[in-house]
1. What net charge is computed for the residues neighbouring His115, neighbours being all others with C-beta under 14 Å from the C-beta of His115, Lys and Arg scored +1, Asp and Glu -1?
2. Quick one: which of 104-117, 84-97 comes out on top by average Cβ neighbours within 10 Å, and what's the full order, highest first?
3. For Leu16, what charge total do you get from the other residues with a beta carbon under 12 Å from its beta carbon, if Lys and Arg give +1 and Asp and Glu give -1?
Amino acid sequence: MSHAMHHDDWIAICALDDIPVLGARRVARARGLDVAIFRGAADRVFALLDRCPHKGGPLSQGIVFGESVACPLHNWTIALATGEAAAPDEGSTARFSVLLDGGVVHLSARELAEHALEFTRPHAGPACRGHAEPAAAGSAALRSVPVTLQRA
Ligand code: FES
């Protein structure tokens, strides 16, 4: 939250209204897994690596309620603000800074390029569905779920 304001490299990703209410979109990166941006209750926007801390499920395809998302694979609950799993589960997913300004969602270019690159998708099992396409080099392409869109 407040640490988000320290960035000076915001790039516009999409309009708030491009994200379904209590839904998510995915942002493809040149390297690393996609970033999931969530529209929670009261139009607050959050961004997490699109990877459940349990077994790598795609959080962007989970159910958003309040300011949490339920992973589509085994129903862990992840807090959107912190990326932390709710007890009794343990773990956290990387979070990304978000700026909502004038109805436009921004992410940090530096974080998109450099943050949480070490995580990979499982190569087998249900968590690898729908993530076969490589990201375009040098761009952050906005994807709806599950249709692919280019950022305007
Ligand atoms: S992979 Fe998310 S709950 Fe298991």
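We did not get these values from a lab; they are worked out from the coordinates using the rules stated. Quantities reported herein were computed from a predicted structural model and do not represent experimental measurements. Virtual Cβ from ideal backbone geometry, glycine too; neighbours counted across all protein chains shown.
1. Working: positive: Arg29, Arg31, Arg51, Arg95, Arg110; negative: Asp9, Asp34, Asp50, Glu111, Glu114, Glu118.
Taking every Cβ under 14 Å from that of His115, the sum is -1.
2. 104-117, 84-97
3. Net charge around Leu16: -1.
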